[in-house]
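The values are calculated or read from the model by the stated rules, or taken from the named source; none is laboratory data. Since the model is a prediction, treat every value here as computed from it, not as a measurement. Cβ coordinates were reconstructed from backbone atoms using ideal geometry, including for glycine residues, and neighbour counts include every protein chain displayed.
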Amino acid sequence: MKNLPKQFQQFLLLLTASALVALLDTAYHTQWSMGMAFQILVFGTLAVASESLPVSLPKGGYVTVGYATFFAAVILFSPAVALIVGALAGMLVFGKVAHEQPLFKRLFNASQYVLSIAAARLVLALSGVTQFTFSWQTLLIYLLVAFSYMITNMTLVSIALGILQRKSPWAIWLSNIRWSIPNFFALSPLGLLLALIYRNYGPLGLALLTIPLLLSRHSFQRYMDMRENYLNTIEALVQAIEAKDCYTRGHSDRVSKLAVAMAEELRLAEDRVESVKYAAILHDVGKIGVSESILNKEEKLLEPEWDIIRNHPIIGQNIVKSIRFLYDIGSGVRHHHERYDGHGYPDGLKGEDIPLDARIIAVADCYDAMTSDRSYRSGRKTIEALEELRRVAGTQLDPGLVEIFCKVAPNVSAQEIHAVEFEMVSEESNCGR
């Protein structure tokens, strides 16, 4: 806890205090009964079991099928019961999750569940619905209740992740909402079904929903696993390049980090930043189609050899366009060797006719090439490389993006940029083949 950013500690303290006040105030104004204690036992157990099987999101955080349980508790029971179910689900996880979550994470989860449930209960109270009924009118109200929980939940998580990752909470919110909306709206009908079965058949009827709950979780996990498999495909392609060219080890990863820093400084949408990242990682994938004797040649390349080198962006585009997940990054891969003055390759595009992704990658690629150590020379110092980038701005590189790069480059860890050997620079330009 002491190692956490002070801003996050303050946010967590505020969040926990708010949740505790909401929980105690609601509990104090509730007329308790044994039936309510039994409701907490049944739904608390179900919620804890659900929260112990999370699915991680791409930008941090996770989702679980526990939301269906929370939603059912909100529309079935008193506010106190629903809030306590949420608090138990956040604090009393078990299995692998229990080992991975320190106390501050459990406090955060419990607090944001309580506040999200409180927001949902507030919407339900304002609607005037006092007990669970099933009609078209109440279905619309329950939809608003589900939506209020989702928005509150995602907002609190995004703020926390933004503080911890030193990124825009809004950008994280926009990114994770894409993955959360299908989960929330798939589980909302399941929550309604859970409420209907409990009302009509009691606790024993909940056993009928065990399989649907697990299937919902499994389906979303498979969806995220498929995405992870795509990323593994990218890593395999990059490793194939590095195996062919002894100078490219780590180059693509470094260019990717620099390109992403530029894209974030430009405040591009999260999807666009992700496209820049993957295009940068794979910008040299076309070198798979170039012989090792040319790639590793230290002498000046002959013109026929340059013709082969100039073809690698086209080969790269053909490779990535066959991967559905990467369908929109082909232009960045194809045009990263175009020049701002129109004298680049393979298509001789000029100025802003060159796709933005490609112009970003070109700047990052040049910098990494110049600051790399080679068998025949040492890499330039950062200040020298930045001066060279400014010198070729407007002819070889986009001048606006060069200034953006000069602003963000010092913030990228030198350890990340210069960890291993680098790609060979040709004599044709300062920015690599």
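Across segment 158-171, the qualifying residues are those that are part of a helix (DSSP H, G or I) and within 13 Å of the chain's Cα centre (by Cα), and the one among them that is surrounded by the most Cβ atoms within 10 Å (Cβ to Cβ) is Ser158.
Counting only residues that are under 35 Å from the mean Cα position of the chain (by Cα) and either surrounded by 15 or more Cβ atoms within 10 Å (Cβ to Cβ) or modelled with pLDDT under 90 (or both), segment 21-48 holds 10 of them.
In summary, Val145 fulfils each of the numbered conditions (1) β-branched (Val, Ile, Thr); (2) under 26 Å from the mean Cα position of the chain (by Cα); (3) closer than 15 Å to Phe71 by Cβ; (4) surrounded by 20 or more Cβ atoms within 10 Å (Cβ to Cβ) with the single exception of condition (2).
Cβ-Cβ contacts under 7 Å between residues 6 or more apart (or on different chains), taken from a first residue in segment 18-30 that is over 18 Å from Thr152 (Cβ atoms) to a second residue that is surrounded by 15 or more Cβ atoms within 10 Å (Cβ to Cβ) and of a type in the set (S, T, N, Q), are listed as Thr30/Ser78. Among the residues making up segment 296-311, those that are free of Cβ contacts under 8 Å to residues at least 60 places away in the same chain and either crowded, with 20+ Cβ neighbours inside 10 Å or assigned to a loop (DSSP other than H, G, I, E, B) (or both) are Lys297, Glu299, Leu302, Asn311.
Looking at Ala369, Ala409, just one residue is at pLDDT below 90, part of a helix (DSSP H, G or I), assigned by TED's automatic domain parsing to the domain that holds Ala261 and closer than 27 Å to Asp307 by Cα, and that residue is Ala369.
Let's see how each residue does on (1) crowded, with 24+ Cβ neighbours inside 10 Å; (2) of a type in the set (S, T, N, Q); (3) over 15 Å from Phe132 (Cβ atoms):
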| position | (1), (2), (3) |
| --- | --- |
| Phe71 | yes, no, no |
| Gly86 | yes, no, yes |
| Ala89 | yes, no, yes |
| Gly95 | no, no, yes |
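Out of Thr130, Thr152, report the one residue that is at pLDDT 90 or above and of a type in the set (Ser, Thr, Tyr).
After applying the criteria, what remains is Thr152.
Would you be able to say whether some residue in segment 54-70 is part of a helix (DSSP H, G or I), in the same structural domain as Tyr149 (by TED's automatic domain parsing) and within 30 Å of Lys277 (Cα to Cα)? Checked segment 54-70: no residue is part of a helix (DSSP H, G or I), in the same structural domain as Tyr149 (by TED's automatic domain parsing) and within 30 Å of Lys277 (Cα to Cα).
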